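Below is one structure, written out as structure tokens; the observations come after it.
The values are calculated or read from the model by the stated rules, or taken from the named source; none is laboratory data. Quick caveat, the model's predicted, so the values are computed rather than measured. Cβ: placed from backbone, ideal geometry, glycine included. Neighbour counts: every protein chain shown. These accessible areas exclude ligands, DNA and RNA; they are computed on the full protein's heavy atoms, side chains included. Shrake-Rupley method; radii C 1.70, N 1.55, O 1.52, S 1.80 Å.
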Amino acid sequence: MSRRITVVKDQIKGENCSLRRFRIRDNDLTGVLLKIFTEPEVQPFLNREYTVNDNWAKVNKWLKSKVKHPVEVWYSIVHKRRNVGYVCFKWRRHFDGACEISTGICKQYRGLKLGFESSRLLVDHIKELNHFRHIVAYVHVKNKKAEANIRKLGFRKTNRLQKTITKEFYGEPAKSSKDRIYDLYSIPGTSA
């Protein structure tokens, strides 16, 4: 059984952006998430859990479910007082040896290094928690921009952990490398 995390920050400030925990009744954030989840160019890279939210009501309901989730922590990326995307980290109740991070940025804000900075802020916060042995990220094999960002943060491709983490997170073993659509990258999450 997973140990409970109780010291998660509500807000994390950076130079060009800040992270703010998801809130209920945040229409601006709902609109941003809807844009990201329905954008044709990024749909192949997103988890199906996100892309099924293809209208305002579904996104709003999904957002409400993430506000106080027991094993997921979601932040809005705020740039110049506007929501521009999301970052999150999640784990499994039965397995807290690793947490998975995810980032999404609205199309008009890409290229401003907000994805990199928000991910760095989140990774630094997760490391401060000193709770997870590994911080991992699944990157679609064709998403070279995400791969470059994750590598700049110090993540390395980890085929060794892929089978274990995928089985614990998704209940199925990782596919063979020729059939794989996501590569797993990891970085140590604790100082020990």
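For the reader, a short list of remarks on this structure follows.
- Count - residues of segment 116-138 that are open to solvent by 10 Å² or more (accessible area, probe 1.4 Å), part of a strand (DSSP E or B) and not hydroxyl-bearing (Ser, Thr, Tyr): 1
- Residue within segment 92-100 that is open to solvent by less than 20 Å² (accessible area, probe 1.4 Å), touching a residue at least 60 places away in the same chain (Cβ under 8 Å), under 18 Å from Val32 (Cβ atoms) and under 12 Å from the mean Cα position of the chain (by Cα) present: no
- Residue, nearest to the chain's Cα centre (by Cα), within segment 56-88, restricted to residues that are small (Gly, Ala, Ser) and part of a helix (DSSP H, G or I): Ser65
- Hey, Glu147 within 13 Å of Ser186 (Cα to Cα), acidic (Asp, Glu) and not in a strand (DSSP E or B) or not: yes
- Ile150 being β-branched (Val, Ile, Thr) and without any contact (Cβ under 8 Å) to a residue 40 or more places away in the chain: yes
- Trp91 vs. criteria outside any helix (DSSP H, G or I) and in contact with a helix residue (DSSP H, G or I) (Cβ under 9 Å, 6 or more places away or on another chain): yes
- Among residues of segment 48-72 that are over 20 Å from Ala98 (Cβ atoms) and open to solvent by less than 60 Å² (accessible area, probe 1.4 Å), those with a beta-carbon under 7 Å from a residue that is among the hydrophobic types (A, V, I, L, M, F, W, C) and in a loop (DSSP other than H, G, I, E, B) at least six positions away or on a different chain give the pairs Leu63/Phe22; Val67/Phe22; Val67/Ile24.
- Condition check for Arg120 on (1) under 25 Å from Lys167 (Cα atoms); (2) within 13 Å of the chain's Cα centre (by Cα): one failure, at (1).
- Residue within segment 73-83 that is within 26 Å of Ile181 (Cβ to Cβ) and either open to solvent by 50 Å² or more (accessible area, probe 1.4 Å) or free of Cβ contacts under 8 Å to residues at least 12 places away in the same chain (or both) present: no
- In segment 144-170, the residues that are open to solvent by less than 40 Å² (accessible area, probe 1.4 Å) and either among the hydrophobic types (A, V, I, L, M, F, W, C) or at pLDDT below 90 (or both): Ala146, Ile150, Leu153, Phe155, Leu161, Gln162, Ile165, Thr166, Phe169
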